[in-house]
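J.: Below you will find the structure I want to go over with you.
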Amino acid sequence: MRLDVDIASKKFRNAAGEQHDVIAGVAFALDAGEVGVLVGPSGCGKSTMLRILAGLDHDFQGRVERPAGARIGIVFQEPRLLPWRSVEENVRLVAPLADETKLSALFEILELNEHRKHFPGELSLGLARRVALARAFAIEPDFLILDEPLASLDGALAARLRDQIAMLVDGRSVMTLLVTHDVDDAARLGDRLFLLSPRPARVVADLPIRTPRRARGDAEIAAIKSDIMQRINGGLTGRDAS
Amino acid sequence: MPRLLSFAVFFATWWIASLLAGDAKLPPPPTVLAAMLAEAKSGDLFLNLGVTLARVALAFTLAMSLGSAIGYLMGRVRLADRLGDPWLILLLNLPALVVIVLAYIWAGLTEIAAIAAIAINKLPTAVVTLREGARALDAALDEMATVFALPRSRTFRHVILPQLAPYIAAAARSGLSLVWKIVLVAELLGRPNGVGFEIGVAFQLFDIPLLLAYSLSFAAVVLVIETVLVQPFEARLSRWRPRAA
């Protein structure tokens, strides 16, 4: 299992007919069991890239090699749940073969058990995100795509959800690609960090982190963060990436 | 309770109006009830209501299923929309009477002609409503279904259909009322039975109690169908909404 990405360019035409370059050269590779993190400022084209990687957008220059038949689990920035199906039905719909034991374990980790019968309209954003996560994990994906899964959650909740994601990712060998503008999330969750420039996006640096997620202490995370900031600021722009 | 009150007001108004206008023009409720009972006793009432209902059911089902399919296609596929649009505008603006008369001329005074004519009248409104529904489908959910590789049948049933449900309900309700109205015209012009035929007879004989007896029995049936079938169906469809109307 390996993901090989080489996107030479992606242009986008807006409603007024003007053409914009969104991606100007992004190449990286990811192995099974690795968490790759795309870190870049808001609006740099990260979501566009994820759409390409998820196979939703084929209109680009370059190539994306996904393992044949790989099951893709995705958590979009908005949870994208079916409002007319309950939490459990939302999960079971994409994973009809998942057995009860595994689902219970998943709901247990994400603290969703008491919400199984609720409809998405009755959930807070944090809960809805967790349902979207449960859905992505329920299919036992080979390739997991997470688009800003912690954005607009308060600090404590984001930290808890981050731990839950780490637990789930470590639980099975899956290629994970996380997109974030938050340097802290990147330093805590990633195995390899790909730093992106502002639009049009290029990979500015490819940083592997050798220490396993669980073993990273506060000092090390602070060091990784300052390294990221330095590289981003020392790069082409003076913009803050956080 | 408010419903019952509403009925009471209706009958009271009717009775007062009949006192003012005179029996000959507007018979009071008991006279109409007597006519209704007489028709019921002879069995004619149920026969005619049944025949009309069967025509409504057939024409409605035909128009809804065909109209929904065409509307969905036109909402999803641009080419289908371009090709179908002129036809749609033509059908929408074609008077019901023209369709019915032409159907009887071309296909004879047959059951098929009657049902087809009613269905053709209803078809375009179903198409228009479902086309709007298909255009309003959430692309974000489509993408979700694509990435998770949901089979088409499951996507249709769990992702698409629930989004179309309010539009289908709207098309069904407006369509049902349209079919009720048109079926009587079709029966009046070319069928030997049914509520429309009986009303035609009553009109020729100036038998106002009979006319009202059939009209009101028919209205009662419609009301029952609306209460027992359409409204519970809608309520079930919208149960996931936090504050269902």
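J.: In the stretch B:1-40, how many residues are surrounded by fewer than 18 Cβ atoms within 10 Å (Cβ to Cβ) and within 30 Å of B:ILE112 (Cα to Cα)?
T.: Number satisfying all stated conditions: 1.
J.: Checking A:GLY43 against (1) within 14 Å of chain B (Cβ to nearest Cβ); (2) farther than 24 Å from A:ARG116 by Cβ; (3) surrounded by fewer than 22 Cβ atoms within 10 Å (Cβ to Cβ), only one condition comes out false. Which one?
T.: Looking at each condition in turn, A:GLY43 falls short on (1).
J.: Taking A:ALA219 as the residue in question, decide whether it is surrounded by fewer than 16 Cβ atoms within 10 Å (Cβ to Cβ), part of a helix (DSSP H, G or I) and in contact with a Leu (Cβ under 9 Å, 6 or more places away or on another chain).
T.: The answer is no for A:ALA219.
J.: Take A:LEU106 and tell me if it is of a type outside the set (Ser, Thr, Tyr), more than 17 Å from the chain's Cα centre (by Cα) and either away from chain B (no Cβ under 14 Å) or not in a loop (DSSP other than H, G, I, E, B) (or both).
T.: For A:LEU106, the condition - of a type outside the set (Ser, Thr, Tyr), more than 17 Å from the chain's Cα centre (by Cα) and either away from chain B (no Cβ under 14 Å) or not in a loop (DSSP other than H, G, I, E, B) (or both) - is met.
Let's see how each residue does on (1) buried (at least 16 other Cβ atoms within 10 Å of the Cβ); (2) within 29 Å of A:ILE224 (Cα to Cα); (3) within 17 Å of the chain's Cα centre (by Cα); (4) away from chain B (no Cβ under 14 Å):
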position	(1), (2), (3), (4)
A:VAL35	yes, yes, yes, yes
A:ARG51	yes, yes, yes, no
A:GLY73	yes, yes, yes, no
A:VAL87	yes, no, no, no
A:LEU93	yes, no, no, no
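J.: To continue, here is another question. Search the stretch A:1-24 for residues being modelled with pLDDT of 85 or more and surrounded by 15 or more Cβ atoms within 10 Å (Cβ to Cβ), and hand back the single one that is nearest to A:ASP170 (Cα to Cα).
T.: The qualifying residue nearest to A:ASP170 (Cα to Cα) is A:LEU3.
J.: If A:ASP21 satisfies all but one of (1) away from chain B (no Cβ under 12 Å); (2) in contact (Cβ under 8 Å) with a residue 60 or more places away in the chain; (3) under 17 Å from A:VAL5 (Cα atoms), what's the number of the condition it fails?
T.: (3)
J.: For residues that are touching a Lys or Arg at 6+ places or on another chain (Cβ under 8 Å) and either free of Cβ contacts under 8 Å to residues at least 24 places away in the same chain or of a type in the set (D, E, K, R) (or both), scanning just the stretch A:158-190, find the one that is farthest from A:SER42 (Cα to Cα).
T.: Taking the candidates together, the pick is A:ASP170.
J.: Restricting to the stretch A:114-157, name every residue that is in contact (Cβ under 8 Å) with a residue 12 or more places away in the chain, surrounded by fewer than 20 Cβ atoms within 10 Å (Cβ to Cβ) and assigned to a helix (DSSP H, G or I).
T.: Matches in the stretch A:114-157: A:GLY121, A:LEU125, A:GLY126, A:LEU127, A:LEU157.
J.: Okay, moving on. Is one or more of the residues making up the stretch A:53-60 surrounded by fewer than 23 Cβ atoms within 10 Å (Cβ to Cβ), more than 30 Å from A:LYS117 (Cβ to Cβ) and away from every other protein chain (no Cβ under 14 Å)?
T.: Taking every residue of the stretch A:53-60 in turn, at least one turns out to be surrounded by fewer than 23 Cβ atoms within 10 Å (Cβ to Cβ), more than 30 Å from A:LYS117 (Cβ to Cβ) and away from every other protein chain (no Cβ under 14 Å).
The values are calculated or read from the model by the stated rules, or taken from the named source; none is laboratory data. As the structure is a prediction and not an experimental result, all values here were calculated from the model. Note that each Cβ is placed from the backbone with ideal geometry, even for glycine, and that neighbours are counted across all protein chains shown.
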